[in-house]
Amino acid sequence: QESRCTNYGSVISSLYNSIETLNVKKLKAINKYLKNHCVHNNIETHLLFSELTIADAEKDRNNIELIRNKIIALNILDKSNPRFAWHLYVMAQSWFWDSKTEKAIALLSEYKSYFIGEPKNSIEVRALSLIGGYFDNAESSIEKEKNTYFDKAEIKANEIGDPELILYVNFRKGSEAYPDINTDSAVEYKKKKDKWVSILDSVNSCVTKAEVLLYWGYLEIEDKNKSLSTLKEAIQILSDFGVTRTALDGSILYIQLLQNYGEVSEAEFMINKLIEDHYSLMDDYQIKKLYEWLFELSKSQKRFEDAMKYKDNYYENLLSEDDKSQKELDELLAEYKVEEQKSANRILEQSLEVTKLEKENEKQKNYILVMFIITLSITVLLLSLIVYRSQKSKNELSKLAMIDVLTGAPNRRAITLQATKELAIAQRKCQNLTILLADLDNFKSINDIYGHDMGDFVLKKFADIASENIRAMDKFGRWGGEEWLFILPATSIEEAKNLFERLSSKLSKVEVDGLSNITFSMGAVELYSNSDSDLNSLIRKADDKLYIAKKSGKNRVCFAPK
Ligand SMILES: Nc1nc2c(ncn2[C@@H]2O[C@H](COP(=O)(O)OP(=O)(O)OP(=O)(O)O)[C@@H](O)[C@H]2O)c(=O)[nH]1
């Protein structure tokens, strides 16, 4: 049977070597070869540990539990097996990677007596380093043994002289000694760390190197580019070797680092890619973390719609999970609702603020408008007042300039203007016009006998009677002293006589303080009967007629002949 597989021994050695160096791709090829070409009594045992290693490295949840149960059921973890150290190493790693550290510690404690002597080969060196590392978290009695295991492992690793193995031992020793998580001092830790960092360059591409680079690039390097490139290199090595579980952890660390460095869009791109490519390999915690980051990243950029979309995606993806997930989901939902409420509140606050500002702005605009209108109104009012008052004074002045102060009748200037105007109209329309010049009789005597006040009274009385007894179209005014000029448009000289009669009759009725029988004389001239048509010559002629009226006995009207 064995002859069917001539190189069986070397294939098995290669298999355990690949288990030791976690070369998953090679392990898969060997498994395939063994299944197709070899038949051997022990082949089932070898394959089980090989497959457990692959399932662990690929985080194949279903198979990990299945294979482990099979190993326990078949009772093949046997100290007498020449490959026992490998088997123990694989089992312990499997519990450890499956987040069941207490099972790993229990297993290693159970079999630690196997390692009482010196380690015989590289896998025993690794197993001892594992024990040393695991016991770091265990009870204090075991803690004391830790250094003995590490010391023995280091001596043997140096003796074997394999740089990867030396790096493995030193890395376990160094990383477990990280000052934050154990009792070693910072100086002690630095010493250990410097040692494995100095070995790093001499080690070829391997999973141990990738793990060191991950740890180192994430925790130790402060330079942004160096740190990111170190993590990238580690992830690349892990992918090349097919260790998807650690490649995934590395990618998550890489994304976290991107966020720390503020490379937000690159981080978002990487998270989405990770979810797309490796969703089935991630546990709930990792998925939750990634969606939380997506939510926070988009929220910090005020892309609230995207933030909500990421939360929704997370619910959809976890809806089919068990009760634990449901509980987490409920918690997240509550958290999401709070966030949603907060966002809504923020938007509401902002819109209220905007409305407030708009209102204030509107108020201010209205205020400015009202102030403008008030100012304008006041200005217009003041201007109007000024204009009105100046117009009024102007009117008053011009009125004063045209009125005889004593009698209130138009003065010489006013009646001259009126006469000129009426004469022009009459001439244009070819109408007749009569001009009368009246003079109170014996006025000097009135003054002398009754006093000037009486004289003034008589003047006023004459003015009143004249204004009340002329037609609306007729004009009259004080020509000077006790002399009056009348203009009667469209009137013949005969009709002027009627006016004289009317005025005389009224004046004769005036009786005051013994004064009565007041009379006046009048000279009249009409336009048609005159060859001279200018005002002055007409007035002069009327004056001539007045003179004649006086001379011929007063209290009468004298006409110029037609
Ligand atoms: N009280 C008063 N007297 C005036 C006014 N204006 C002129 N007189 C006077 O009127 C008088 C006119 O006198 P005369 O020109 O001699 O005329 P008369 O006495 O009426 O004589 P006859 O015209 O011939 O009837 C003068 O004594 C003037 O001083 C005035 O405004 N008020």
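Computed from the coordinates by the stated procedures, all read-outs in this text should not be read as laboratory data. Quick caveat, the model's predicted, so the values are computed rather than measured. So basically every Cβ, Gly included, is an ideal-geometry build from the backbone, and we count neighbours across all protein chains shown.
What ³J(HN,Hα) values, in whole Hz, does the Karplus curve 6.51 cos²θ - 1.76 cosθ + 1.60 give for the stretch 459-472 when θ = phi - 60°, with x put for Gly and Pro?
Karplus-based 3J(HN,Hα) across the stretch 459-472 equals 4, 4, 4, 4, 4, 4, 4, 4, 5, 6, 10, 9, 6, 4 Hz.
Pairing the Cα long axis of helix 244-260 with the longest principal axis of the chain, what angle in degrees results, from 0 to 90 and rounded to the nearest 10?
The angle comes out near 30 degrees.
Once phi is turned into θ = phi - 60°, what whole-Hz ³J(HN,Hα) does the Karplus curve with 6.51, -1.76 and 1.60 give for every residue of the stretch 93-108, x standing for Gly and Pro?
For the stretch 93-108, the Karplus-derived couplings read 4, 4, 4, 5, 5, 7, 6, 10, 4, 4, 5, 4, 5, 4, 5, 5 Hz, x marking Gly and Pro.
Order these by the 10 Å Cβ neighbour count, fewest first: L515, L385. Walk me through the numbers before you get to the answer.
Values: L515 15, L385 11.
Fewest-to-most Cβ neighbours within 10 Å comes out as L385, L515.
Be a star and scan the stretch 508-552 for residues whose amide nitrogen sits under 19 Å from the point 7 Å along the Cα-to-Cβ vector of N469.
Taking a point 7 Å out along Cα→Cβ of N469, the residues of the stretch 508-552 whose backbone N falls under 19 Å are 508-512, 515-525, 546, 549-550.
List the aspartates and glutamates whose Cα sits under 17 Å from the Cα of K191, skipping any in the same chain fewer than 8 residues away.
D151, E154, E176, D180, E220
Quick check: Cα centre of the stretch 483-534 to Cα centre of the stretch 1-75, how many Å?
155 Å
Order of E118, E222 from fewest to most other C-beta atoms within 10 Å?
E222, E118
Any chance you could give the angle, 0 to 90 degrees and rounded to 10, that helix 304-318 forms with the longest Cα principal axis of the chain?
30 degrees
What does the charge add up to near V243, with Lys and Arg as +1, Asp and Glu as -1, over the other residues with Cβ less than 10 Å from its Cβ?
-2
Under the rule a/c < 1.5 gives rounded, and otherwise a/b versus b/c splits prolate from oblate, where does the stretch 1-76 land using the Cα gyration tensor? Don't skip to the answer; put the middle values down first.
Values: a/c = 2.20, a/b = 1.39, b/c = 1.59.
Oblate, because a/c is 1.5 or more while a/b does not exceed b/c.
Relative to the first principal axis of the alpha-carbon coordinates of the chain, what is the inclination of helix 24-37, with its axis defined by its Cα atoms, in degrees from 0 to 90 and to the nearest 10?
So the helix axis and the longest Cα principal axis differ by about 50 degrees.
Distance check, please: which entries in K461/K550; K392/K541; K289/K342; K59/K226; K190/K302 exceed 31 angstrom between their Cα atoms?
K392/K541; K190/K302
Using a Cα-Cα cut-off of under 19 Å, which lysines could be cross-linked to K192, ignoring same-chain neighbours fewer than 8 residues away?
The qualifying lysines are K144, K146, K152, K156, K173, K209.
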